[in-house]
Structure formats: structure tokens, C-alpha cells
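Contents: one structure, followed by commentary.
The values are calculated or read from the model by the stated rules, or taken from the named source; none is laboratory data. These numbers come from a predicted model, not from an experiment. Neighbour counts are summed over all protein chains in view; Cβ atoms, including those assigned to glycine, are modelled from backbone coordinates with ideal geometry. We work out accessible area using only protein heavy atoms, side chains counted, and drop any ligands, DNA or RNA first. Shrake-Rupley method; radii C 1.70, N 1.55, O 1.52, S 1.80 Å.
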Amino acid sequence: MKKTIQTIIFTMVLLFASGCAPKEETRESIGSVKMKENGTLVFVLSEKSEDGLTRRLSHFEVKKEEDKYQKYLSHVSPIKVGKSKPVRPWEN
């Protein structure tokens, strides 16, 4: 079970790092994002389990200095410093 969760997390991080992830039509959100004071985007990705519980899969940050920052920012915009919002699935 632990190995499966690690594999899922690794896959999700790779998909998001590449700028795309599978879109599930029935899901409105795949987690949340918050913008820090310095503009860093903090993502917490999650999923619902079969028993209805939400499980945290991944937590990562994207800093303004990173090349991929604008891609992530445009996906979650509009967002303001200090605010959190749901993250919609990426489309392929």
C-alpha cells in the first residue's frame, strides 16, 4: 500500500512538473493552491478515496524564479497574495 501511494505521488508530481495532468470530468478540484507574500505558489494535491475521505497526495512549491512559474500561475489565475483557491484539473 505504501509503495502504491508513493508511486501515485511520484506520477502526479511528474505530470504537474510537465504542465499537464489527466482531467477527470467528475472532479472540480484536485487540491488547492496558496500564493505566499513573495509570490511563491504552494500546491497541495489530494484525492477522494473510496470511503469518501480526502487524502493528501503531494505538496510542492513553485517559485517566481522558476521557468515553469508562468505556466502554473496562468493555470490558477486569478489568485492574490495570501489567498487560497481550488486547483482545477489540467487538460492534456
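With the condition kept exactly as written, say whether any residue in the stretch 38-58 is open to solvent by 40 Å² or more (accessible area, probe 1.4 Å), closer than 13 Å to K80 by Cα, modelled with pLDDT of 95 or more and assigned to a loop (DSSP other than H, G, I, E, B). Spell out the reasoning first.
In the first step, residues of the stretch 38-58 are kept if they are open to solvent by 40 Å² or more (accessible area, probe 1.4 Å); the result is 38, 44, 47-48, 50-56.
From the residues that got through so far, the ones that are closer than 13 Å to K80 by Cα too are 38.
Remaining after also requiring modelled with pLDDT of 95 or more: 38.
Checking the rest, the ones that are also assigned to a loop (DSSP other than H, G, I, E, B) come to 38.
Within the stretch 38-58, one or more residues are open to solvent by 40 Å² or more (accessible area, probe 1.4 Å), closer than 13 Å to K80 by Cα, modelled with pLDDT of 95 or more and assigned to a loop (DSSP other than H, G, I, E, B).
For beta carbons closer than 9 Å, sequence separation of 6+ or different chains, a first residue in the stretch 62-87 that is open to solvent by 30 Å² or more (accessible area, probe 1.4 Å) and a second that is at pLDDT 95 or above and of a type in the set (S, T, N, Q), the qualifying pairs are K63/N38; K63/T40; K64/N38; K64/T40; V81/N38.
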